[in-house]
Structures are given as C-alpha cells and as structure tokens.
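Each remark here refers to the structure printed beneath this line.
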C-alpha cells in the first residue's frame, strides 16, 4: 500500500509541476499579448493624430480655395472656379490690376486689348508665363491686390 501511495504522490506532484509550468507559460503569453495590445493602441493613437493633422490641413486648403473663389466672384455649383472669363471675373481681374498699378482702361468686364496687355505685364513682372491668361498661378498673385468689398 505504501508503494501505491508513493506512486500516487509522485504522480500528483509531477502533474502539479506540469500545471504550474503550463500556468507560468499562460501568464507569460498573456503578458506578451497585453504588451502587444498596448503597442497597437499606441500606433492607433499616432495614426489618429496624423489623420487629424491631415484633415486640418485639408480644411485650411479648402478655406483658402473658397476665399480665392469668393474674391474672384465666379463659383460653379460644385464650389470650384468655373472660369476666369465671365464678366464678373474680368471685372475682378481689372480691379486687381488697377490696384496693382496697371492701366486696364474702364472696368467693364470685357477682356479688351488694354486688360490683356496689363495681364501680360503683370505676369512678366511676377515671374509667370506672359500668356495673357489668368489661371490659378496668375490669380494667386493677382488677388492680393483685390480689396475686400
């Protein structure tokens, strides 16, 4: 009986050592998983901050674009500059050129010879291609001379 009791005790001891080892492994794995979760949460937070910064930059760019469009006075239904050739847009261009010191003739919303030459002169003096066409780059420099109405 003592031998059977001894074998049972040894078996129980070995099983409990095995359980302790398994339990220790489970604790280590659990700690590793928790550390990985913390790391992933930190990465998510960084990505969220980057996203917020990009959204702020996008909003600032959108507001700047809307300001140019508002000053130009010709905005399509989609909220973008449709063209720089409408009479209202030409009046804005003529006003800005006149404020910048260029001779445009009467501010009448017509793209006449004087207005076209004033645009080319402005473009030359501002390092732009002197084609007489008011595109985004020309307007970006020209709109500084348009006073708030």
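Where a number appears in this text, it was derived from the coordinates with a stated rule and is not lab data. A quick note: this is a predicted structure, and the numbers were derived from the prediction, not measured. No Cβ is skipped: glycine too gets one built from the backbone with ideal geometry, and neighbour counts run over all protein chains shown.
Taking 0.36 nm per residue of separation and subtracting the Cα-Cα distance, full extension of the segment from residue 30 to residue 62 would add 6.8 nm. The label point for residue 53 and the one for residue 133, both projected 7 Å from the Cα toward the Cβ, are 3.7 nm apart. Taking each residue as 0.36 nm, the span from residue 44 to residue 108 lengthens on full extension beyond its C-alpha to C-alpha distance by 17.4 nm.
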